[in-house]
Amino acid sequence: MAYITTSIVRSTHLYTYFSGDLDELKEQAWCNFEFLLARLHSSSVYALLSDLDLTLANVLDADIHLVLQAVAASTRVLAIDALQLANELIGRLRQLKGLISSGRYRIYIRGGCVE
């Protein structure tokens, strides 16, 4: 079993961002459900939104933007109960996918990818 500290969770997105590999950034951080849940538990939904905003200020990516929109729409619920992240993401991403006809929606779960 891997031991992950709060500082690792809070800095993973920074390491992958500065590496310049956008696919790795998405796989390890912003499109990774386990990372998002750990990030919520280690701080707050507002810190998560702030980090997503900071990333999007420097990188234009549709997948990360969709995650930001889904989390932002779920702020009230996630501020009360972070364990509702899965329900909120699934529901919000389905709504957003219905509004946008093109594009791929990927969520990485332990090496696999759900589209």
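With the requirement that a residue be assigned to a helix (DSSP H, G or I) and more than 12 Å from the chain's Cα centre (by Cα), what does segment 63-87 give you?
A73, T75, R76, V77, L78, A79, I80, A82, L83, Q84, N87
If I filter segment 53-60 for residues that are closer than 22 Å to R92 by Cβ, at pLDDT below 85 and part of a helix (DSSP H, G or I), do I get at least one hit?
No, every residue in segment 53-60 fails to be closer than 22 Å to R92 by Cβ, at pLDDT below 85 and part of a helix (DSSP H, G or I).
The values are calculated or read from the model by the stated rules, or taken from the named source; none is laboratory data. What you are looking at is a predicted structure, and each value in this text was computed from that prediction instead of being measured. Glycine also receives a Cβ, built like all others from the backbone with ideal geometry; neighbour counts cover every protein chain displayed.
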